[in-house]
Amino acid sequence: MIFLPTSASPSASTPASTPASLSASPSASSHRLVCYYNSLSEKRGKFTVSNIDPNKCTNLIYAFSDIKKQPRLVPSTATDILRYQAFSGLKTRNPLLKTLLAVGGLNFNTQKFSAMVATQQNRAKFIRSAITLLRANGFDTELCFCVVQELKEAFMAEGTADNRLLITASVSAEKAIIDASYEVPQIATYLDFINALTFDFHGPWESVTGHHSPLYQGSQDTGNKTYFNTDYAINMGLAAYRRVFNLSSASSVVGAPASGAGIAGLFTGEEGLWASYEADQKSNTSYLKANNFGGAFVWSLDLDDTSGQFCKQGNNPFISHLHTLLCPGGTSGS
């Protein structure tokens, strides 16, 4: 569950439709750790908003909200408003925390998205309702992927530099869905960050067993299934080259003055472009950090050992371990 570009997951326990979110402010952490709160867990009586430790994640996402006629962003149930208030109220215990509201869910009717994006008038109504609902309930973000350009423009106009709603998306990590559904370069321009759903590559709906969240291709993966792994999915958009600049001052930091392309790479023979093997690269000890990803996200909070009774490693050992690895400088989210 890693940050990058990528919908639906076949598992009932995982997020399905594309969600969105709003938030801002620079992060004090080296990476984000985004945690989903599945509101269905409260109905099962196992995990409520009051059980959430707001200091373990940089961003918390409430799943899910809905779209109704007109079209408007609305709570999924009548009692969700009270939960929204408690959810955003977690920021009183961690002022650096960012809270987000996801749109969609496993049983979400995607025709609602289609109707919403059909006309500029419908999109404008939805965007106004999103801003109203999010601000009224203390959210920093709202997840909606289909009108990202207009949402981004509206959020930029409505907010300030230190209090802007963010827009993010949770997207499929399956090659076939990515190729058919997403214009990744265009959509990424308007998103603050992207969650790639690098899980449920395999599961009980298949005729053989398989790791549902593999890092690399398995020995049994053939044909299209060679794409069913995190390493393939989240490396699709990474460049295997370096851009080289001709510096016009002694400074070499990001933003330093430059005057055109640097010298050609020895192997590429092209000015301003070096192959990755032509540039020194510092090795990192973790896959996520080595690939310079923005962080990780967890679905969902209630699926960790929240009481510490099972693993005997304290409360929330999985998320706590991720927090220690990813957020040594704090829990600020953006």
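Within segment 41-75, the set of residues being of a type in the set (Ser, Thr, Tyr) and buried (at least 23 other Cβ atoms within 10 Å of the Cβ) comprises Thr58, Tyr62, Ser65.
The residue that is most open to solvent (accessible area, probe 1.4 Å), counting only those in segment 253-270 that are modelled with pLDDT under 75 and among the β-branched types (Val, Ile, Thr), is Val254.
Considering only segment 158-185, state which residues are of a type in the set (S, T, N, Q) and either under 17 Å from the mean Cα position of the chain (by Cα) or within 30 Å of Asn224 (Cβ to Cβ) (or both). Let's see the steps before the verdict.
So the first thing to find is which residues in segment 158-185 are of a type in the set (S, T, N, Q), and the list is 160, 163, 168, 170, 172, 181.
Within segment 158-185, Thr168, Ser170, Ser172, Ser181 qualify.
Looking across segment 76-112, the residues that are of a type outside the set (S, T, N, Q), over 27 Å from Asn55 (Cβ atoms) and open to solvent by 40 Å² or more (accessible area, probe 1.4 Å) come down to Ala78, Leu106, Lys112.
When you scan segment 34-60, how many residues do you find that are within 15 Å of the chain's Cα centre (by Cα) and over 16 Å from Gln85 (Cβ atoms)?
Residues of segment 34-60 that are within 15 Å of the chain's Cα centre (by Cα), as a first pass: 34-37, 57-60.
Cutting the leftovers down to over 16 Å from Gln85 (Cβ atoms) gives us 34-36, 57-59.
The total comes to 6.
For Ser276, the conditions (1) modelled with pLDDT of 75 or more; (2) more than 22 Å from Phe199 (Cα to Cα) are fulfilled apart from (1). Taking segment 301-334 as the range and being touching a strand residue (DSSP E or B) at 6+ places or on another chain (Cβ under 9 Å), in a loop (DSSP other than H, G, I, E, B) and at pLDDT 80 or above as the test, only Cys327 passes.
The values are calculated or read from the model by the stated rules, or taken from the named source; none is laboratory data. Values in this document were obtained by computation on a predicted structure and should not be read as measured data. Every residue, glycine among them, receives a Cβ derived from its backbone with ideal geometry; neighbour counts consider all protein chains shown. With ligands, DNA and RNA removed, areas are computed over all heavy atoms of the protein, side chains included. Shrake-Rupley method; radii C 1.70, N 1.55, O 1.52, S 1.80 Å.
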